[in-house]
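These notes concern the structure reproduced below.
Every read-out reported here was derived from the displayed coordinates using simple, explicitly stated rules and does not represent laboratory data. Because the structure is predicted, anything quoted here is derived from the model rather than measured. Neighbour counts run over all protein chains shown; Cβ positions are idealised from the backbone, glycine included.
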Amino acid sequence: MHIMEGFLPIEHAVGWTVAAAPFVAYGTWSIKKRVATHPEQRILLGVAAAFSFVLSALKLPSLTGSCSHPTGTGLGGLLFGPAAMAPIGAVVLLFQALLLAHGGLTTLGANVFSMAIVGPIVAYAVFCSARRVNAAMAVAVFLAAALGDLATYVTTAAQLAWAFPDASGGFSASFVKFSGVFALTQIPLAISEGLLTVLIFNALTRFNPDELRALHPSDNAKVRP
Amino acid sequence: MKRMQNMLLVVAVIVLGVAPLWIVEAPSDEAGNQSAMFGGADDKARNLVSEIRPDYQPWFTPLVEPASSEIASMLFALQAALGAGFIGYYLGAARTRERLRNERKTAHESDTSGD
């Protein structure tokens, strides 16, 4: 979903960077605080970061005939709340921008905003709402990760449409075009991401039930399947 | 039960990943030549940008570009390996911890029942 290096006009590139920076700063502070107060959660943070590393490296074919990749940021979002994933996602994106020429430094802010801020926020919100209506844990995790992934790509399409409005149809016509490239391609991949997130979440519930309970105290009675 | 669910999840992901390779037909131009398939969505977006704004010139280029697509796929594999390596370490450590805990528990139980 990465917007390529140089493919946002300079004022957009600067704008998104300024918009993303406070989230990354606050997220870094919140992770530091979390590790200081709950050192046992370090392993879960590591798993969330590693999961994002793996998933965003996998370029999968989709039904639209092009390839794209999942984000893996939903897991951390639903576990820790959206703040923690902003710096973790930024690290993944920086790695890809610097070493792989995938994404870019000038578009880093916009890409962080879609993948490491909007995606986790949506994942967290979906997870909490699904649990509130008593959806099964696996269903809540699946929906959160899949919709968070999809939201990332819709955001990317909107960012590009905003920067490159269609000559006749304006933002909305352009948004439909970019959504056709990103969001449509992403639907099967979002489902894959949802399924893989349930898989890793099953492992976490088996091996780290206490840490999970500590993360979602209000969900106390329900965390154990 | 959980094991069954996990197996089904893995199968579903593989099906979702492989199915497009069969289902999607390569688009062909008027001469009937099939064009390239399964390129990156990022590249499609780039083409769309130059379609909407033909005069747009990227104003910044990547500092370092992988010297070839082989090197690029090596770096992507490296990224996945780093992540998968950590998750594998976590799973191994967690399983061992669980086993030791169970062994300690059974040892403790046989101790007390022996008295």
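Have a look at A:114, A:141, A:12 and report the one farthest towards the positive end of the charge dipole of the range A:1-147, computed about the Cα centre with Cβ charges (Lys/Arg +1, Asp/Glu -1).
Of A:114, A:141, A:12, it is A:141.
Please enumerate, by chain and number, the lysines with C-alpha under 22 Å from the C-alpha of residue A:177, excluding those fewer than 8 residues away in the same chain.
Straight-line reach from residue A:177, under 22 Å: A:59, B:44.
For the protein assembly as shown, with equal point scatterers placed on the C-alpha atoms only and solvent neglected, what are the log10 I(q)/I(0) values from the Debye formula at q = 0.07, 0.12, 0.15 1/Å, to two decimals?
Log-scaled intensity ratios, in q order: -0.32, -0.86, -1.29.
Compare the Cα positions of A:51, A:70, A:93 along the charge dipole of the protein assembly as shown (+1 at Cβ of Lys, Arg; -1 at Cβ of Asp, Glu; about the Cα centre) and return the one farthest towards the positive end.
A:51
Length gain on complete extension for the stretch residue A:63 to residue A:94, per 0.36 nm per residue less the alpha carbon to alpha carbon distance?
8.3 nm
Compare the Cα positions of B:87, B:110, B:100 along the charge dipole of the range B:67-110 (+1 at Cβ of Lys, Arg; -1 at Cβ of Asp, Glu; about the Cα centre) and return the one farthest towards the positive end.
B:110
With a 10 Å cut-off between alpha carbons and a GNM built on chain B, which of B:77, B:41, B:19 moves the most?
B:19
Where does helix A:119-132 land angle-wise versus the long Cα axis of chain A, in degrees 0 to 90, nearest 10?
Once rounded, one gets 40 degrees.
With each pseudo-label sitting 7 Å past Cα toward Cβ, what's the residue A:10-residue B:112 distance in nm, one decimal?
So the label points at residue A:10 and residue B:112 sit 7.4 nm apart.
Counting Lys and Arg as +1 and Asp and Glu as -1, each charge on the Cβ, what is the dipole of the protein assembly as shown about the Cα centre in debye, to the nearest 20?
Rounded to the nearest 20 debye, it is 1360 debye.
With only Lys, Arg, Asp and Glu charged, each at its Cβ (+1 for the first two, -1 for the last two), find how big the charge dipole of chain B is about the Cα centre; round to the nearest 20 debye.
Value, rounded to 20: 740 debye.
Please work out the C-alpha center-to-center distance from the range A:111-167 to the range A:10-59 and express it in whole Å.
So the two Cα centres are separated by 16 Å.
Between helix B:41-52 and chain B, what is the angle of the helix's C-alpha long axis to the longest principal axis, kept within 0 to 90° and rounded to the nearest 10?
Helix B:41-52 sits roughly 30 degrees off the main axis of chain B.
If each of residue B:14 and residue B:57 carries a label point 7 Å out from its Cα toward its Cβ, how far apart are those two points in nm?
Distance between the two pseudo-spin positions: 5.1 nm.
Each label point is 7 Å from the Cα along the Cα-to-Cβ direction; what then is the distance between the points at residue B:77 and residue A:184, in nm?
3.4
So what is the calculated 222 nm ellipticity per residue for chain A, using -39500 (n - 2.57) for each DSSP H run with n of 4 or more, over all residues, to the nearest 500 deg cm²/dmol?
-23000 deg cm²/dmol
Where nothing but the Cβ of Lys and Arg (+1) and of Asp and Glu (-1) is charged, how large is the charge dipole of the range B:67-110 around its Cα centre, in debye to the nearest 20?
With only Lys, Arg, Asp and Glu charged at Cβ, the dipole is about 300 debye.
Give me the lysines in straight-line cross-link reach of residue B:105: C-alpha distance below 27 Å, same-chain residues under 8 apart excluded.
Here the lysines satisfying the reach criterion relative to residue B:105 are A:222, B:2.
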